[in-house]
Amino acid sequence: MDIATIIGIVLGFGFILGAIITGAGLITFLHIPSMIIVFGGTFSSVLIHFSMGQFLSIFSVVKNTFLTKSHSPTLLVQQMVNFAAINRRDGALALEQEIRKVDNKFLAKGLQSLVDGQEEDDIRSLMELETMYMQQRHGDGKQILEFMGASAPAFGMIGTLIGLVAMLKNLSSPDSLGAGMAVALLTTFYGSLIANIVFIPLAGKLGQYSKKEAVFMEMTVEGICSIVRGDSPTVVREKMQVFVSSKKRGEVKVSI
Amino acid sequence: MDIATIIGIVLGFGFILGAIITGAGLITFLHIPSMIIVFGGTFSSVLIHFSMGQFLSIFSVVKNTFLTKSHSPTLLVQQMVNFAAINRRDGALALEQEIRKVDNKFLAKGLQSLVDGQEEDDIRSLMELETMYMQQRHGDGKQILEFMGASAPAFGMIGTLIGLVAMLKNLSSPDSLGAGMAVALLTTFYGSLIANIVFIPLAGKLGQYSKKEAVFMEMTVEGICSIVRGDSPTVVREKMQVFVSSKKRGEVKVSI
Amino acid sequence: MDIATIIGIVLGFGFILGAIITGAGLITFLHIPSMIIVFGGTFSSVLIHFSMGQFLSIFSVVKNTFLTKSHSPTLLVQQMVNFAAINRRDGALALEQEIRKVDNKFLAKGLQSLVDGQEEDDIRSLMELETMYMQQRHGDGKQILEFMGASAPAFGMIGTLIGLVAMLKNLSSPDSLGAGMAVALLTTFYGSLIANIVFIPLAGKLGQYSKKEAVFMEMTVEGICSIVRGDSPTVVREKMQVFVSSKKRGEVKVSI
Amino acid sequence: MDIATIIGIVLGFGFILGAIITGAGLITFLHIPSMIIVFGGTFSSVLIHFSMGQFLSIFSVVKNTFLTKSHSPTLLVQQMVNFAAINRRDGALALEQEIRKVDNKFLAKGLQSLVDGQEEDDIRSLMELETMYMQQRHGDGKQILEFMGASAPAFGMIGTLIGLVAMLKNLSSPDSLGAGMAVALLTTFYGSLIANIVFIPLAGKLGQYSKKEAVFMEMTVEGICSIVRGDSPTVVREKMQVFVSSKKRGEVKVSI
Amino acid sequence: MDIATIIGIVLGFGFILGAIITGAGLITFLHIPSMIIVFGGTFSSVLIHFSMGQFLSIFSVVKNTFLTKSHSPTLLVQQMVNFAAINRRDGALALEQEIRKVDNKFLAKGLQSLVDGQEEDDIRSLMELETMYMQQRHGDGKQILEFMGASAPAFGMIGTLIGLVAMLKNLSSPDSLGAGMAVALLTTFYGSLIANIVFIPLAGKLGQYSKKEAVFMEMTVEGICSIVRGDSPTVVREKMQVFVSSKKRGEVKVSI
C-alpha cells in the first residue's frame, strides 16, 4: 500500500475543501451539470483516443498504484540467497515447496521454471518478456492519465465558455451576472483541480512505480538465472546487490 | 469497427449538447459566420502546410479509423498454423485456394507470394516495405490531425478578436454589448471543442491503431516466412506467439 | 507550382476578410501603426536571431515554396531508364546531348559528371553533399519561419499592452474607451493571423517539400550511379522503384 | 557554500518585498489561507507523484545545494599528484595516513580501496556505481523541484478560481468587490513567485551542481586508477588535466 | 562585428519607441519601480540557477556576439594553402614568421604547434578539446539567455499581480483605477519586450554563431593536420573545401 499517494490525495482535497468551506460554503462549489461537462468530456475524449480495452484497464492500473505493496529489495536478496543454499544442498526439486510460501507471483513463476528444469536462456527470455509487458501496461496507463490531465482543463475551459455565452445572452437581469459567472468558472475549477490533484501526479507515481518494479523484476531474473547456473549463495548475493545502494547492503546473511 | 471511437464522439457531443440545451438553448450556440472562420481557417492552414494529396488522403484515413475492424492476433496465429499444416501435407500450391477465403489483404498478398514460389528474402523485403508505407500513411494522417488540433483553437481566438474589435467599435448601444461578446466567444468555443473532442483524440487513436497494425503485419511477415522455410505448425505457432501476451496464448490448436 | 499553398492562402485570407467585412467593415481593421509594431518587431527579432545572409535567403526560399514544380518520380525513373538504354547502346558520351533536354538541374549535373567519366564514388559523394546543402538551406528557412510564427504573436501582445496602457492613462473620456481597446487588440489580431495563416503552415510546407526533394535527389543519385556501373535499364528501374509506392509503379516501360 | 544561490534568493525576495512595501504595504500581501492553498496543494501533489522516501530526501538535497562547498579541480590534481609521489616513494600503505587529512569523502573512500590493495577494475566499478547513485539522487531532486515549479502556479490559479467564485456569489456588497478580487489574486501571486524565485531556478542549480560533481568524481576515479597502476606523478597530472580548461592548468607542481 | 544584430536591436527598439511616443508619450512608459521588479527578479533567478562564474561570463559572451567579426572560410582556405606551399618549399620552421601576421588566435595556436614539431594526433586532440570548450562556453551562454527569456515575462506577470492587488485594495478613488492598472501592466510589458527583442533572439544568434565557429575551427584543424602530414597545397585545398558550399569555391588560387 503506497501511503504517500493516499496521504497526498486526502491532504490535497482537505486543503481545497477547507478553503472552500471557510470561503463561500460547499454548496456554492457543487454544480452537477458543470461536473458532467468536465468529467463526461474527459472520459469521452479518452474513449476516442484509446481502445475500449485500454480504457477499461485504467481502473485496475490506478487501483494497483494504491494497493500494491512495494517489494523490499533486501528481502528479495535474502530469499534468493536462501533458495541458492537449498538448491546447492538438496537440489532444485527441493525448491518446489518454497514456491507456495512466496507471495510475489513473478518470483513464484521464475522458481517454478527453475524447478521444472528449464534452460537458463528460456527462463531469462520468458521473464524479460513478462517485464516488458508489465512496462507496456504501465506505460499505457501513464499515457492515459497524462492525456486526462491535459483534457480535463480543456473541457473545463469549454464549459466556462458555454457558461459565459449563456450568461452574456441574459444580461437583462444584471443581478444574475455574478451568479452566472461564478457557475461558469466552476468548470475551469473542476478541470484544473482534478488534473493537478489526481491525473498529473498519479501519472507521475505510475512512472516511478514502473521504474522501481522493473528494477525489482530485473533483480529477480538475475537471481533465478544465477541459481540455475548453480552459483553459491555468496555469488548470488553479490550479483543481486549491484542493484542495491551501498547503504542498504550488508543486511543479508549467508548461512549454508 | 472501432466501437470506442464512436461511443466517445457520441457521448462527448451529447454531454456538451445537453449542457448547451439546458443552459441557454441550442440557437444561441449556432452561428454560421463563426463556424466559417474556425473551420475555413483551419482547413486553409492545412492546405498551406500539407500537399493537396496529403490533404485529400486525410478523409480516407479518418474513415479507416472508424470502419476498419481490428484483427485478432489469435485468429491470425490459428490461420497461419493451418496454412503451415497444409503446406507440409500438400505443398505450397495447395494454399492457392485458401487465399480466396482470407479477407485480410496483406495476408492474402503474402500467401500469393508464397504460392508463386518467391524467395524468403524477397517476400520479407516486399512485405516490410508495405508495412513501412502503411506507417508513413498513418503518420501523415496523425500529423495532419495534430496540426488541426493546434490550428482550430488558434483560429477560434482570431475569430474572437475580430468579434471583440467589432463590438468595441459599436459601444454606443450598451444593450448589444452582451450579445456581441457572446458571439465573439463562440469561435473560441468551436475551436476548443472540435480540437478536444475530434482532432486531438483522433490523432491519438490513429497512433494506437498504427502501432497495433504494425505488430499485426510483423506477425504476418514472420508467419509467412516461417512457412516458406517449411517449418512445422508447432514452430510457426511458437514464432508468432512471441508477439502475443501470455494470457491470450494457448488457444491455438495444432492439428496436423 | 504548388497549387495547395496558393489555394490555402487565398481561402484563408478570404474567410477572414469576409468575416471582417460583414462584421465591422474593413476600415476598422486597418491600422498602420499596429502593423508596424507587429511586422517591424518580428523582422527586427529575426535580424537579431539570424545572420544577414540567412535573413535575405528567406525570401528566395519562400518564393521556391510557391514556384518550384514538384518533380514526378515516375518521370524520373522513365528518364533514367532511357539514359541507361542509351548508355548501353551508344556509350556514355551519347548522353551529352540528352543533358540539354533535361530541365532538372540536379539531374543535368549528375549526367554531366557521368559523361565526364568521373568515378562512381566521386559522383555519389558530390551529389550527396549537394543534397545535404539543399536540406540545410531548407532547414534554415524552416527555422526562420517557425521563429517568425512564435515572434509575431509575442509582438502582437506587446502592441496590445502598449495600447492598453495608453488607453488606461486617458480614462477621462469614457467614450474613447471602446475605440482605444479595439485598436489595442488589433496588434494581437495581426500577430495571430499572420502566424497561423502564413508563418507556421509555410514552415510546415517547407519541411514536407524538403523531405520530398531529398527522396527525389536520392533516387537521382541511385539512378546515375547504377548507369555508371553499366547496369541494364531493367536493373536501373528496379533500384529506383524501391522509393516509389507500389501503386505508382509499373508505368515505366523498358524499351531497349 | 554556494554564494550565488544565497545572494540570488535574498536579492529576489528583496526586490519583490521592496515593491510590495512601497506599493501597498506588506499586510495586504499576507493572507494565510491563500498560502495554505498554494503550499498545501503543491506538497500534496508532490506526495502523490513521488514516494515518501523521495519526498523526504528533497530537503537534504536542497540543503546540500546551499551548504556543500564546490571542490577545486586544481586542488584535486595537486592532491592526487602528491599521492602518486608518495605511492612511488613509500608504497601504497604510506597513503593510509593521508586519508585522515582528506575532507572529501569520495576521495577518501577511493584512497582506502587503494591502500586495501583492491584491483583497479573493482575500484573503478565501485566508484562509478557511487557516481551513478549520486546523479540519480540529484536527478530525483531536480525532478521534484521542477514538478513543484509547475504545480505551484497551477494551485495558485485554482486558489484564484475559488476566490473569484466566492466573490461573485456575494456581489450584493459592491464595496467588497475590490478586496475580494485582491485576495483571489494573491494565490496566483504566491504560486508564480515561489515557482520563479525558488523551485525553477533551484532545479537548474541542482542540474549544474550535479554536472560539476560528476566531472569531479570522474577525475577522482581517473586519478586513483592511475595511481593504482603505479603511474608517475607527471602522468597522473596529464591524465587528470584533460578535464581542466587550459587556462586553469599549469598551477600544479610536480615535486618528487 | 555582426551588423544584423545591431540593426535588429536598433530597429526593434525604434519601432516600439515610435509606437509609444506617438501613442501616449514616453513618460507614461517609464516607471523605475516596475523596471526593478522585472530586471531585479530576472537577474536574481539567474544567480540562483547558475553559478557566479557562469553569471559573470554572460556579459563577455554577449559582448562577443556583437564584436567578434565572423571569419571568412575562403580566406582561411587561401591562408592554409599558402602555409602548405611555404611548408613544402622552406620547411615548417619558415612558418614561424607567418604566425605573427595571423589575427585569428586559434589558427595561430595551431601553427605554433606545427612549428614546434608536435605530432598530428597531439595537435588534433588539443585543438578539438579547445573547440569543445568553445562550444560548452557558448552553450552555457545560450542556456542563460534562454532562461532569462523565460524568466523576464514571468517576473513581468508577478509585477502585474502586485500592481493589481495594490490597485484593488484602493478602489475608493475610482479615478486612480485607470492609472493604477496602467502601471500594473507595465511590468508585463517590460518583461515581454526584453525577452522578445533581446534575450530570446540573442540566444538564437549565439547558437548560430557557435555552429559557424565550430565548422570554422574544424576546417582549421583539418588544414593544419593536412600540412603536418606534408600534403601539397592542392590537396590541402581539396580537404578544406568539403566544408564550403560549391558556390563559394574556386576563388582560392594555388600558387607554388
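The values are calculated or read from the model by the stated rules, or taken from the named source; none is laboratory data. Quantities reported herein were computed from a predicted structural model and do not represent experimental measurements. Because the Cβ atoms are built from the backbone with ideal geometry, glycine has one as well, and the counts that use them run over all protein chains shown. When the accessible area is computed, the model is the full protein with side chains, heavy atoms only, and any ligands, DNA or RNA have been set aside. Shrake-Rupley method; radii C 1.70, N 1.55, O 1.52, S 1.80 Å.
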So which residues in the stretch A:29-59 are in contact with a Ser or Thr (Cβ under 8 Å, 6 or more places away or on another chain) and aliphatic (A, V, I, L, M), if there are any at all? A:Ile37, A:Val38, A:Val46, A:Leu47, A:Ile48
Conditions (1) touching a Lys or Arg at 6+ places or on another chain (Cβ under 9 Å); (2) of a type outside the set (Asp, Glu); (3) at pLDDT 85 or above; number of the one not met by B:Tyr190: (1)
Filtering the stretch C:53-77 down to residues that are among the aliphatic types (A, V, I, L, M) and open to solvent by less than 60 Å² (accessible area, probe 1.4 Å) yields C:Ile58, C:Val61, C:Val62, C:Leu76, C:Val77
Give the residue, chosen from C:Ala195, C:Ala203, C:Ala182, C:Ala214, that is of a type in the set (A, V, I, L, M), in contact with a Ser or Thr (Cβ under 9 Å, 6 or more places away or on another chain) and closer than 23 Å to C:Met132 by Cβ. C:Ala214
Verdict on D:Leu177 being closer than 20 Å to A:Ala179 by Cβ and not in a helix (DSSP H, G or I): no
Candidate set from the stretch C:120-129 (those that are of a type in the set (A, V, I, L, M, F, W, C) and open to solvent by less than 60 Å² (accessible area, probe 1.4 Å)); member that is farthest from C:Gly230 (Cα to Cα): C:Leu129
Condition check for A:Val165: open to solvent by 20 Å² or more (accessible area, probe 1.4 Å) and either over 34 Å from the mean Cα position of the chain (by Cα) or facing chain B (nearest Cβ under 10 Å) (or both): no
Within the bounds of the stretch C:220-230, is there any residue that is at positive phi and surrounded by fewer than 24 Cβ atoms within 10 Å (Cβ to Cβ)? yes
When you look at B:Met132, is it open to solvent by less than 60 Å² (accessible area, probe 1.4 Å) and closer than 22 Å to B:Phe243 by Cβ, yes or no? no
Does the stretch B:168-194 hold any residues that are at the interface with another protein chain (Cβ under 8 Å from one of its Cβ atoms) and either buried (at least 21 other Cβ atoms within 10 Å of the Cβ) or touching a helix residue (DSSP H, G or I) at 6+ places or on another chain (Cβ under 6 Å) (or both), and which are they? B:Leu168, B:Lys169, B:Leu171, B:Gly178, B:Met181, B:Ala182, B:Leu185, B:Leu186, B:Thr188, B:Phe189, B:Ser192, B:Leu193
Of all residues in the stretch E:84-119, which are among the polar types (S, T, N, Q) and either open to solvent by less than 80 Å² (accessible area, probe 1.4 Å) or over 32 Å from the mean Cα position of the chain (by Cα) (or both)? E:Asn87, E:Asn104, E:Gln112, E:Ser113, E:Gln118
Confirm whether B:Lys205 is assigned to a helix (DSSP H, G or I), surrounded by fewer than 18 Cβ atoms within 10 Å (Cβ to Cβ), touching a residue at least 12 places away in the same chain (Cβ under 8 Å) and not hydrophobic (A, V, I, L, M, F, W, C). no
Against the condition of a type in the set (A, V, I, L, M), assigned to a helix (DSSP H, G or I), open to solvent by 50 Å² or more (accessible area, probe 1.4 Å) and more than 7 Å from every other protein chain (Cβ to nearest Cβ), how does D:Met80 come out, does it pass? no
Filter the stretch D:122-142 for residues that are touching a residue at least 60 places away in the same chain (Cβ under 8 Å) and within 10 Å of chain A (Cβ to nearest Cβ); which is farthest from the chain's Cα centre (by Cα)? D:Glu130
When the stretch D:13-43 is examined, which residues are found to be out of contact with any Leu (no Cβ under 8 Å at 6 or more places or on another chain), more than 14 Å from chain A (Cβ to nearest Cβ) and crowded, with 18+ Cβ neighbours inside 10 Å? D:Phe15, D:Ala19, D:Gly23, D:Ala24, D:Thr28
For the list (1) within 14 Å of chain B (Cβ to nearest Cβ); (2) among the small types (Gly, Ala, Ser); (3) under 26 Å from B:Phe243 (Cα atoms), I need the number of the one condition that A:Gly156 fails. (3)
Within the stretch C:204-224, which residues are hydroxyl-bearing (Ser, Thr, Tyr) and closer than 21 Å to B:Ile48 by Cα? C:Tyr209, C:Ser210
Could you give me the residue pairs with C-beta distances under 9 Å whose first residue belongs to the stretch C:91-107 and is at pLDDT 85 or above, whose second residue is among the aromatic types (Phe, Trp, Tyr) and open to solvent by less than 30 Å² (accessible area, probe 1.4 Å) wherever it lies, and which are 6+ apart or on separate chains? C:Leu95/C:Phe83; C:Glu98/C:Phe83; C:Phe106/C:Phe216
From the list B:Ser60, B:Ser44, B:Ser51, B:Ser70, which residue is at pLDDT 90 or above and either in contact with a helix residue (DSSP H, G or I) (Cβ under 7 Å, 6 or more places away or on another chain) or not aliphatic (A, V, I, L, M) (or both)? B:Ser44
Considering C:Ser45, C:Ser57, C:Ser34, which residue is over 26 Å from E:Gly18 (Cβ atoms), among the hydroxyl-bearing types (Ser, Thr, Tyr), in contact (Cβ under 8 Å) with a residue 12 or more places away in the chain and in a helix (DSSP H, G or I)? C:Ser57
Examine the stretch B:150-160 for a residue that is open to solvent by 20 Å² or more (accessible area, probe 1.4 Å), modelled with pLDDT of 90 or more, under 28 Å from the mean Cα position of the chain (by Cα) and under 18 Å from A:His49 (Cα atoms), and state whether such a residue exists. yes
Looking at D:Val62, D:Val46, which one is at the interface with another protein chain (Cβ under 10 Å from one of its Cβ atoms) and under 20 Å from the mean Cα position of the chain (by Cα)? D:Val46
